[in-house]
Each structure stands twice: as C-alpha cells, then as structure tokens.
Amino acid sequence: MKILIKYIALSLILMSCSTGNLELIADLPSSLDEASAIEIVEGSDLYWVIEDSGNGNDLYGLNTKGDIVKEIEISKSDNEDWEDLASDNYGTLYIGDFGNNNKKRTTFNIYKIPNVSEIKTATEASKVSFTLPKGMDSEDFEAFFVHNNWFYIFSKSPKKTKLIKVPNKEGMVEATFISEFNLEGKHTKITSADISNDGKTVALLNHDKVWLLSDFTGDDFFSGTFNAYDFEHDSQKEGVAFLSDTTLLITDERHKKEGGNIYTFKLPI
C-alpha cells in the first residue's frame, strides 16, 4: 500500500509540473545535477548524457525511464568543460570539450568514442583539438553536431552567434569561420544543437525556446528559413537531440526543486 501511495504521489507531482508544450517523460537521476547534453547513438537504445566542468570524465547511458544503466569512464581525458554530445551514422559518439566561460581558452577538444554501445565500463578516446580561425576572439561554445564528417560548432554569444567548422580529423587543426547571425528575443544564448537524420533541419536550443533552421544552402545553416518556437517553460535547458525528424529530446539541469528532467517536444513542422 505504501508503495502504491508513493507512486500515486509521484504521479501527481509530475502531472502538476507546468511544462508548457514540453512533455515530461522522465526524471534524471539525482546524481546528475548538471547534465549538459543528451544524444542518441546508432546501434544503442540508450539516451547518452554527460556533465560539464567540475564533474568527472564519465559518460552515462540512461534507459527511457531516466535510470543509469551504463557508466563509462573516458580514461586519459580531462573534463575541462564538456558541453555537448554528437554522433554519426556509425555508432561513434563525440564529446565537445569546448566550454569557455572566462573566454581565455585558446585550444578546444572533441573526444571521439567509436562503438560506444559495445563498451563495458571504461575506454580511451581519440581526440580532435582545434584553435580558432586567425583574428577570431576567444568564444564560449556549448553546441555542436557532426555532419558530412565535419563538426559544426555554435558560439554561446548574446544576440550574435558565430558558426565555425572543424574537420573530423585527429590531431590539431584550425577551425574555419562560416558565418554569424543576429538572434532576436531576450534570451539568445545557444546551449545545444543537433541536426536531423535527413540533414534538412538544424535545432538550436535555448532555455525557453528552440530555433529550427531549414532550407539552407550547403553548410551555411543561417542562409535558409529560421523559425523560433517557444516552450512556454523556462529552465536551464542544456541538451537537445532529434528523437525523430519531428520530435526532439531535451534535458535541463537541476536547480533546487526544478529541472533535472528529460522532455520531448513535437516540432510544429
């Protein structure tokens, strides 16, 4: 009876949460207060998450209920500021270590983890390191994805975001500047990004909205149609991934009694 009452109480709490047009599907474990990304990987049925600076160099696989069912230590790597996850069509997961709150970093890293679904408890990752294009000031980055064997990385800048690209090539490389774009609205800092499996839609996440980019030319993703969709819910949202071409997975960090959840968002397209 106590278990039933506890379950009913929890259900009522979840039902009472005001999430706007987001659908709350799971709580994140209490041990993951600062989940900074979420990703779906080919060949795996888990949701993969990481935490940002100040936390360990661990990768977590969650089931659809939000339970940790796999924990992988990425040995011989540093979590200077892990901010986003990306994956390709071959089951490879990439960790973007490019957070730069104080804007003093000159070198940024992306860790590459092949066949992540087959790893048991620990692995070493190869590394792509990059510097910014000549003449570009140091920026904070929290969002990227991989497309056609290039990494596309968006700055977390107020109003104007910069887009750079880096080849998926181990060793030290210099990023290439693509374009910049002025975002409208009060909250404009991009915290995560993903591209749909068909490569036709880019999602850029903010705390209270998502921007969808489509009909672009080549890899200048700001060259096409640009629409913003309000969540009607404000929290520290840090992770976005395409669950399908029409549905997004979204996570937010836990702050006191709010956040620490996984949501879905149906795209109005």
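A few comments on the model shown:
- When the stretch 245-269 is filtered for residues that are surrounded by 15 or more Cβ atoms within 10 Å (Cβ to Cβ), outside any strand (DSSP E or B) and not basic (Lys, Arg), the ones remaining, listed by number, are Glu253, Gly259, Gly260, Leu267.
- Selection over the stretch 189-239 of residues that are without any contact (Cβ under 8 Å) to a residue 40 or more places away in the chain, within 15 Å of Phe144 (Cα to Cα) and in contact with a helix residue (DSSP H, G or I) (Cβ under 9 Å, 6 or more places away or on another chain) gives a count of 1.
- Residue list for the stretch 69-119, filter: of a type in the set (S, T, N, Q), under 16 Å from the mean Cα position of the chain (by Cα) and in a strand (DSSP E or B): Ser87, Asn109
- Every listed requirement among (1) farther than 22 Å from Asp52 by Cα; (2) within 15 Å of the chain's Cα centre (by Cα); (3) among the aromatic types (Phe, Trp, Tyr) is met by Phe242 save one, (1).
- Taking the stretch 176-234 and the strands (runs of 3 or more DSSP E) fully enclosed by it, the elements with 3 or more residues that are of a type in the set (A, V, I, L, M) are at 201-205, 209-214.
Condition check ((1) surrounded by fewer than 22 Cβ atoms within 10 Å (Cβ to Cβ); (2) among the aliphatic types (A, V, I, L, M); (3) in contact (Cβ under 8 Å) with a residue 40 or more places away in the chain) across all residues:
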position	(1), (2), (3)
Ser44	yes, no, yes
Ile50	no, yes, yes
Asn63	yes, no, no
Ile68	yes, yes, no
Ser77	yes, no, yes
Glu80	yes, no, no
Asp88	yes, no, yes
Asp97	no, no, no
Thr106	yes, no, no
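- Here Gly54, Gly66 are screened, and the one residue that is out of contact with any His (no Cβ under 8 Å at 6 or more places or on another chain), modelled with pLDDT under 95, on the phi > 0 side of the Ramachandran plot and not β-branched (Val, Ile, Thr) is Gly54.
Yes/no per residue for (1) touching a residue at least 24 places away in the same chain (Cβ under 8 Å); (2) out of contact with any helix residue (DSSP H, G or I) (no Cβ under 7 Å at 6 or more places or on another chain); (3) over 26 Å from Lys209 (Cβ atoms); (4) β-branched (Val, Ile, Thr):
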position: Thr121; (1), (2), (3), (4): yes, yes, yes, yes
position: Ser138; (1), (2), (3), (4): yes, yes, yes, no
position: Glu142; (1), (2), (3), (4): yes, yes, no, no
position: Phe154; (1), (2), (3), (4): yes, yes, no, no
position: Asn168; (1), (2), (3), (4): yes, yes, yes, no
position: Thr176; (1), (2), (3), (4): yes, yes, yes, yes
position: Lys186; (1), (2), (3), (4): no, yes, no, no
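- The stretch 156-188, subset of a type in the set (Lys, Arg) and modelled with pLDDT under 95, residue farthest from Phe221 (Cα to Cα): Lys186
- Just so you know, in the stretch 220-244 the residues that are surrounded by 15 or more Cβ atoms within 10 Å (Cβ to Cβ) and acidic (Asp, Glu) include one that is modelled with the highest pLDDT, and it is Glu238.
The values are calculated or read from the model by the stated rules, or taken from the named source; none is laboratory data. If you're wondering where the values come from, they're calculated on a predicted model, not measured in any experiment. Don't worry about glycine lacking a Cβ; one is built from the backbone with ideal geometry, like all the others, and counts go over all protein chains shown.
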